[in-house]
Structure formats: structure tokens, C-alpha cells
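Presented below is the structure to which this report refers.
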Amino acid sequence: MLCVRVWTRCGVRYRPWRRNVSHKAAARLDLSGIYPPIATPFTAKEDVDYRKLEENLQKYDKIPFKGLVVQGSNGEYPYLTEEERVEVVAAVRRSLPLGKLLLAGSGCESTRATVQLTAKMAAAGADAVLVVNPCFYKGKMDSRALIHHFTKVADSSPVPVVLYSVPANTGLDLPVDAVVELSQHPNILGLKDSGGDITRIGLIVHKTKAQDFQVLAGSAGFLMAAYCVGAVGGVCALANVLGQELCELERLCRSGCWEEAKVLQQRLIEPNAAVTRKLGVPALKQAMEWFGYHGGASRSPLQPLTEAETQLLRQDFSTNGWL
């Protein structure tokens, strides 16, 4: 007889989790490695430029990434329609070699919309979905609400779910207690944590070690530190630009070459900060142009860098030996 779990949390009774065929796949999917959260190129009219996207994908194929994250924060997903989000995932799937994982962003503000988009991302070819927490009503997004949300998404998802905490954008960290509870769900595979709090990442790894739960660093600036406390890989914006170098840092960390890893990690901190919290997606796209990729302009209302910002960006790369 199938054993099921009746779970209560914060006074709410949840329906039991049942391991079905798709949920068993979650335990087999190994997330370890480096993933670029790929940018979305646009035409001059702000349409998705699929030709330039394909050319970027051909270049990324030469780098030993574990896979790609599509329609994450760096893909400007909030500015794309649902149809565009799904079509971009489908286009990447058509080009992505077998053996490379595709993690697709399917988070929406409502649980209902997230469930529906998750199913569409799975049908478009995603191996797993990356689900950011709802945040518009962040004052009400406590552990009870978030556990309920992610449980319903994971219960219905045809593919494994990876939780996504990006407080710089959402204004909300996924509470550690919620992550620990959700790690027990058979279809929740892991967490991408972009907050940069290494004590938090280490605590989550420690508290979920009895589960088949995998933690990914959400930024290149603390990748080495995250490996030190048990992370298995990283989803790093800087990998769009310095992908080979991020994969080398991963190799050094996994091989225990900590002195070499430290030197490389230190050279990545400033350029990583420049294309993330300091100057954001427009800076990432500008840096991509310098390194031979198609970045181009962002979709409005994001604005291109000013001349002063461009100089600052170049300085952060050049003083660390990358330009």
C-alpha cells in the first residue's frame, strides 16, 4: 500500500504528497554544475530576436555548462508575455544538446497562474522549473502562504521544482523554516539562493542533508563560499560573459584546489557585482557585447547604461584582468 504523509504546518492541514512517476524523476536529476541564466536578445522594435538567441546558444554549447536557466531574472521575464516566455523556452530546447539541462522560470504571482505556466514550460521541454516566490503582497507572504503555494505547484508539476529566492528583486527571503519543510516534498529538488548570506546557505544545506535536496548559489560573487558550505553548483549571471572561467572555478572547488580557487574567485567579485546588484541587466547585456555575445538593449522600461555607467562597468572588468 502506498504510504502517504499528512502534513500540518502553522495550523493548516495540507493534502498528502504522493509519489507519482514524475515525482520519482526529481530524485534522479543531478543539478550539480554551472548554469548561465541566459539573457533575452531583442530587436530594435523590442521583439525577441530568435536569430541572435540561437547564435548565443551555439557559443554556450562550447562551454562545459551543466545546462541553462531560461526565463530567469536576467532573461527579463517580467517584461515578456506568457506566450513569449514559453516560446523562448521551446526555442532553447530545440537547440540545446542532449545531456544539457534546461531549467525554466515559471513563477507568477498567483498559485493558479504558476501551476498553469509550469505545465506549459514542461510541455515546452523544461527538465525542471525554477519558481520564484510571489512578492507583490509580500507582507502576507509568510511561511504558511509560501509553503502552501510551493506545495500546490510541486504537487501538480510534471517536472521537478527548484525554489528560487532572490530578495534583491522580491524584497523577500524564502524563510529557512519554509525551505526545510518544502525540502521534504518529493517533487521539490532544490533551491537557488541569490541572497548571498553564506550562513543561511550553510544552515539550509545542514538542515536538509537528510533529504535529496540540492542548493545552488545564485551569484558568482559567493560561489566559492557556497561550495565550502555544501552547495552543488551555481546559477550565475556572470556566466553569460565569463562562462569558461566560472566552470573553471567550479572545477577548482570540487577538486579541493582552494588556493587557486580563491585567486580566481577574488577576480570575479567586482565584475559580478557590476552586472548584478550595481548596474543590473543592462550592464550584463553590455558586457556580453564586449565578449562576443549578443546582449543588446533591454526591453523598456529598463534603460541603457549612461556613458558614466559604461565606464564604471569597463573599469570593473579591466582592473581584474578581463578586458
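The values are calculated or read from the model by the stated rules, or taken from the named source; none is laboratory data. Being a predicted model, the structure only gives us computed values, none of them experimental. In this analysis, Cβ positions are derived from the backbone assuming ideal geometry, glycine residues included, and neighbour counts consider all displayed protein chains. Each accessible area value is taken on the protein alone, full model and side chains, heavy atoms only, with ligands, DNA and RNA left out. Shrake-Rupley method; radii C 1.70, N 1.55, O 1.52, S 1.80 Å.
For segment 81-105, a residue qualifies if it is polar (S, T, N, Q) and under 15 Å from residue 57 (Cβ atoms), and exactly one does: 95. Considering only segment 231-275, state which residues are farther than 17 Å from residue 33 by Cα, touching a residue at least 40 places away in the same chain (Cβ under 8 Å) and within 16 Å of the chain's Cα centre (by Cα). The answer is 272, and nothing else. Out of all the residues in segment 287-300, is one or more outside any loop (DSSP other than H, G, I, E, B) and open to solvent by 30 Å² or more (accessible area, probe 1.4 Å)? Within segment 287-300 (the criterion being outside any loop (DSSP other than H, G, I, E, B) and open to solvent by 30 Å² or more (accessible area, probe 1.4 Å)), the answer is yes, since at least one residue qualifies.
A quick yes/no check of all residues on (1) part of a loop (DSSP other than H, G, I, E, B); (2) more than 26 Å from residue 286 (Cβ to Cβ):
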| position | (1), (2) |
| --- | --- |
| 139 | no, yes |
| 150 | no, yes |
| 159 | yes, yes |
| 184 | yes, yes |
| 195 | yes, no |
| 205 | no, yes |
| 221 | no, no |
| 234 | no, no |
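With respect to being assigned to a helix (DSSP H, G or I), under 20 Å from the mean Cα position of the chain (by Cα) and of a type in the set (A, V, I, L, M, F, W, C), residue 126 falls outside the description. Looking only at residues of segment 158-188 that are surrounded by fewer than 17 Cβ atoms within 10 Å (Cβ to Cβ), in contact with a Lys or Arg (Cβ under 9 Å, 6 or more places away or on another chain) and at pLDDT below 95, we find that the one that is nearest to residue 278 (Cα to Cα) is 168.
Would you please name the residue that is surrounded by the most Cβ atoms within 10 Å (Cβ to Cβ), looking only at residues in segment 200-209 that are closer than 17 Å to residue 181 by Cβ and at pLDDT 95 or above? Steps first, please.
Of segment 200-209, the ones closer than 17 Å to residue 181 by Cβ are 200, 203-209.
Filter once more, so that each one left must be at pLDDT 95 or above: 200, 203-208.
Details: 200: 17, 203: 15, 204: 26, 205: 19, 206: 11, 207: 15, 208: 22.
Residue satisfying both the conditions and the ranking: 204.
The residues of segment 46-87 that are free of Cβ contacts under 8 Å to residues at least 60 places away in the same chain and within 16 Å of the chain's Cα centre (by Cα), listed by number, are 68, 70, 71, 75, 77, 78, 85. Look through segment 111-121, keep the residues that are closer than 22 Å to residue 191 by Cβ and of a type in the set (S, T, N, Q), and return whichever of them is surrounded by the fewest Cβ atoms within 10 Å (Cβ to Cβ). Taking the candidates together, the pick is 111.
In segment 93-117, the residues that are over 16 Å from residue 131 (Cα atoms) and touching a residue at least 24 places away in the same chain (Cβ under 8 Å) form Cβ pairs under 8 Å with partners that are assigned to a helix (DSSP H, G or I) and open to solvent by 10 Å² or more (accessible area, probe 1.4 Å), at six or more places apart or across chains, as follows: 95/54; 95/57; 95/58; 96/57.
In this structure, residue 274 does satisfy being among the hydrophobic types (A, V, I, L, M, F, W, C), buried (at least 21 other Cβ atoms within 10 Å of the Cβ) and modelled with pLDDT of 95 or more.
Just checking, which of 193, 197, 155, 212 is surrounded by 17 or more Cβ atoms within 10 Å (Cβ to Cβ), closer than 29 Å to residue 64 by Cα and among the acidic types (Asp, Glu)? Step through it out loud before you land on a result.
Values: 197 fails: surrounded by 17 or more Cβ atoms within 10 Å (Cβ to Cβ); 155 fails: closer than 29 Å to residue 64 by Cα; 212 fails: surrounded by 17 or more Cβ atoms within 10 Å (Cβ to Cβ).
Every option except 193 fails the conditions.
Counting the residues of segment 223-232 that are out of contact with any Lys or Arg (no Cβ under 8 Å at 6 or more places or on another chain), open to solvent by 10 Å² or more (accessible area, probe 1.4 Å) and part of a helix (DSSP H, G or I) gives 2. Residues in segment 301-323 that are under 25 Å from residue 62 (Cα atoms) and outside any helix (DSSP H, G or I): 320, 321, 322, 323.
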